[in-house]
Each structure stands twice: as C-alpha cells, then as structure tokens.
Amino acid sequence: MSTPVILAIESSCDDTSAAVMAGGEILSNVVATQQVHEQYGGVVPELASRAHQQHLIPVVQEALRRAKVTKSDLDAVAFTQGPGLLGSLLVGSMFAKTFALALDKPLIAVNHMRAHILAHFIRAPRPQFPFLCLTVSGGHTQLVIVRSALDMEVIGQTIDDAAGEAFDKTAKLLGLPYPGGPHLDKQAKLGNPTRFPFPVGAMPGYDFSFSGLKTAVMYFLRQQTAQNPNFIQENLADLCASIQHTIILTLLRQFTRAAQDHGLTQLALAGGVAANSGLRAALTQLGEERGWEIFIPDFEFCTDNAGMVAMTAHFQFEAGAFADQLSSPDPRLKLT
Ligand code: KG4
Ligand code: ZN
C-alpha cells in the first residue's frame, strides 16, 4: 500500500464522516448524515454533538473496513479543527487525539475551509496552482486565491448570511423541508428564473451579502399571500427559480470580477452549494464564454466529508505540518 496512510475525521457541523487515504489516493469515505435536525428546521448544536458521539465509532470502523486497512497500517490521524460548532468539533478532535495517542501516531489538524478547497485534488481533473476558488456552504461564502495547498488568501466573503443559508432560509419561507437548498434546486428546474425579480446584493470589493434577498422574499411573500393564500403553492417553481437565479447572479458577479482582476483563468467551486445544478450550469457556461477552465468536485466531495480532510492532511503530512495533543478545536478558525 502506498504511504502515508491517513485516517481522517470530519465532525464540524451535522455530518459525521471518516475517510482513509493512502499515498494521496482515496480508499474510503463514509458519511453519516444526521436526520435529527429536520424537525427543527436547522442544526441544533447540542443534538449534533450527541449524534456525532453515536455515529463516530461505527463510521470509523466502516471507513477502515472499506479501505481494507487496520489500525496498525495508519501513519497519521487527522481531524477537523475548525471552523464549525464547538461541541461537534470537540467530539471529532477528542476521538482523533485519543486514537493517535493510543496508536502512537502523529496527529494532523485540518482547517475545514481549506479542506473544501483541496477536495479538488481527490480526483482528476485537478486544477493547477494558482487558481481562484469560490467556497459556498451552509456556513461560509469565500473567494480564495489558492497559491498552493498551504498558501491561500481570502479576498472576499459574505458580510451576513452564507450562500447555503440564503438557500435554506428562503426555502423555509416557502415551506420546504430543511435543508432547503436541494429542494429549492429541484423545484427551480421547473420554473421561470426571471418571473420574480429579487435584489442582487451589491457589495464593494469581492464581498457578498444575502440578507437583503431573504428580507425581500419575506416581504414579497407576505404581501402576495395576503391577497392569495395559495400564492406560494401556485407559484412555487417560479419562486424557487427566481430566488436561485438571484443567488447565482450574486455569486458569479463577484467571482467573474475577481478572476478578471487577478488574471486567473482556472475557477473552482467548492462546498455544499456547489451541488446546485443551476450554479454548476451557469458557471460552466461562463467558462465556455470566457475560455476559463472550470473545476467542480464530485458531489460526494462537495458536501461535508472526511475525504477532503484526508486530502488536506496528505498535503500537510508531506509538508511536515503536524499538530500535538495540546491542539484544540477553534470554532472560528481562519483560513490563512
Ligand atoms: O458544505 P456543506 O455540506 O456544509 C457546511 O459546511 O455548511 O453545505 C451544506 C449547504 C446547505 O445549506 C445546503 O442547503 C446546501 O449546502 N446545498 C444546496 C444544494 N445541496 C446542498 N444548496 C443549493 N442547491 C443544492 N443542490
Ligand atoms: Zn462544509
């Protein structure tokens, strides 16, 4: 088996995941999604921590089994240090630290946002450095110049809601189940994206803002349902398509400008919202028009997964960037 063999743990939010990578090749990537939050319309941190405790050991066992790897084959144990929910991060980091200590193996602490970006290196086609990455997830929206696996610069980010939150919160206003992003995406395919014009958040530089959209949708629905209580049901597909269209315009406007200004021609999309079919199609089209190369990871590696943590840990292992038993989770860990 090629080396290093790394076991990686991801537990930053509401997915418990473990992956095994050998010599940069992914051998397994197991994800247990927590259903418990659906009834609350959002992630409940305390319930997330408890669910991580229940899922983690079976998920690790399954990841090792699928990879046909035993504990003694491991060269390092990696975990997500942050950003994320403190309780959730604690479960994963305590497990990884204990496991590494018991096995007398090195420990690698991984930044979740860096991992979303380096997910592009798990499978071909892989971008070449430098490239521009738009990371869009339930908690973050960041525009990052990626100079190398360990050298990244955030040039823009959201000043309020993340792109995923914009999907989830507007979907909630429409009565769709949590998390609303995938449901809104599905409905949007059947609707007219220009039927309802919503405001595109305009920010200086390369920053993003989505709270204006959420408020605009809320007031619009309130006004319309006062006149016709069935307004949402009768116009669901057009509403979804129009909201999605607005989110995509907001994202791509800054993405395009940043690429132009920095002379970058390889554009990468990362994070759970990269699963959005409208965003993928719009970005692919943009690439064709401008002659830019577009990179979007497989769906499995877009949403939270330990495979991307393993990939990042692989780069850190090569660079000798190890953590020690004193390293602790940081819910607000910055990408530097
Ligand atoms: O990266 P991720 O799995 O978790 C975080 O780190 O936040 O992203 C989850 C987010 C959620 O907001 C979810 O609604 C959104 O990604 N998402 C989508 C789609 N699939 C997942 N949003 C829009 N369209 C989708 N198809
Ligand atoms: Zn994430």
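The values are calculated or read from the model by the stated rules, or taken from the named source; none is laboratory data. No experiment lies behind these values; they were computed from the predicted model shown. Cβ coordinates were reconstructed from backbone atoms using ideal geometry, including for glycine residues, and neighbour counts include every protein chain displayed. Please note that ligands, DNA and RNA were not included when accessible areas were found on the heavy atoms of the full protein model with its side chains. Shrake-Rupley method; radii C 1.70, N 1.55, O 1.52, S 1.80 Å.
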>> So, residue 8, is that one away from ligand 1 (no atom under 13 Å from the Cβ), closer than 19 Å to residue 113 by Cα, out of contact with any Leu (no Cβ under 7 Å at 6 or more places or on another chain) and open to solvent by less than 20 Å² (accessible area, probe 1.4 Å) or not?
In response: yes
> Just one of the numbered conditions (1) among the small types (Gly, Ala, Ser); (2) at pLDDT below 95; (3) more than 12 Å from ligand 1 (Cβ to nearest atom) is not true of residue 139; which one?
Replying inline: (3)
>> Just to check your reading of the model, which residue among 177, 193 is within 21 Å of residue 277 (Cα to Cα), in contact with a Gly (Cβ under 9 Å, 6 or more places away or on another chain) and at pLDDT below 95?
In response: 177
>> Take the residues in segment 277-308 that are of a type in the set (S, T, N, Q) and open to solvent by 10 Å² or more (accessible area, probe 1.4 Å); name whichever of them is farthest from ligand 2 (Cβ to nearest atom).
In response: 285
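Could you run through segment 108-160 and say how many residues are among the aliphatic types (A, V, I, L, M) and within 23 Å of residue 89 (Cβ to Cβ)? It would help to see each step written out before you state the result.
Restricting attention to segment 108-160, the residues satisfying the condition of being among the aliphatic types (A, V, I, L, M) are 108-110, 113, 115, 117-119, 122, 124, 132, 134, 136, 143-146, 149-150, 152, 154-155, 159.
Now restrict to residues that are within 23 Å of residue 89 (Cβ to Cβ): 108-110, 113, 115, 117-119, 122, 136, 144, 149-150, 152, 154.
Adding up the residues that qualify gives 15.
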>> I want to confirm something. Restricting to segment 11-57 and keeping residues that are of a type in the set (Val, Ile, Thr) and either part of a strand (DSSP E or B) or within 15 Å of ligand 2 (Cβ to nearest atom) (or both), which single residue is surrounded by the fewest Cβ atoms within 10 Å (Cβ to Cβ)?
In response: 33
> Do the conditions hold for residue 318, that is, is it surrounded by fewer than 18 Cβ atoms within 10 Å (Cβ to Cβ) and within 26 Å of residue 259 (Cα to Cα)?
Replying inline: no
>> So residue 318 ticks every box in (1) in a helix (DSSP H, G or I); (2) under 22 Å from the mean Cα position of the chain (by Cα) but one. Which box is left unticked?
In response: (2)
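From the list 186, 214, pick out the single residue that is more than 12 Å from residue 247 (Cα to Cα) and not hydrophobic (A, V, I, L, M, F, W, C). Walk me through how you get there before you give the answer.
Values: 214 fails: more than 12 Å from residue 247 (Cα to Cα).
Of the residues listed, the single one that is more than 12 Å from residue 247 (Cα to Cα) and not hydrophobic (A, V, I, L, M, F, W, C) is 186.
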> Can you tell me which residues in segment 63-119 are within 16 Å of ligand 1 (Cβ to nearest atom), in a helix (DSSP H, G or I) and open to solvent by 40 Å² or more (accessible area, probe 1.4 Å)?
Replying inline: 86
> Looking at (1) in contact (Cβ under 8 Å) with a residue 60 or more places away in the chain; (2) open to solvent by less than 70 Å² (accessible area, probe 1.4 Å), which is the one condition that is false for residue 126?
Replying inline: (2)
> Among (1) within 15 Å of ligand 1 (Cβ to nearest atom); (2) in contact with a strand residue (DSSP E or B) (Cβ under 6 Å, 6 or more places away or on another chain), where does residue 213 come up short?
Replying inline: (2)
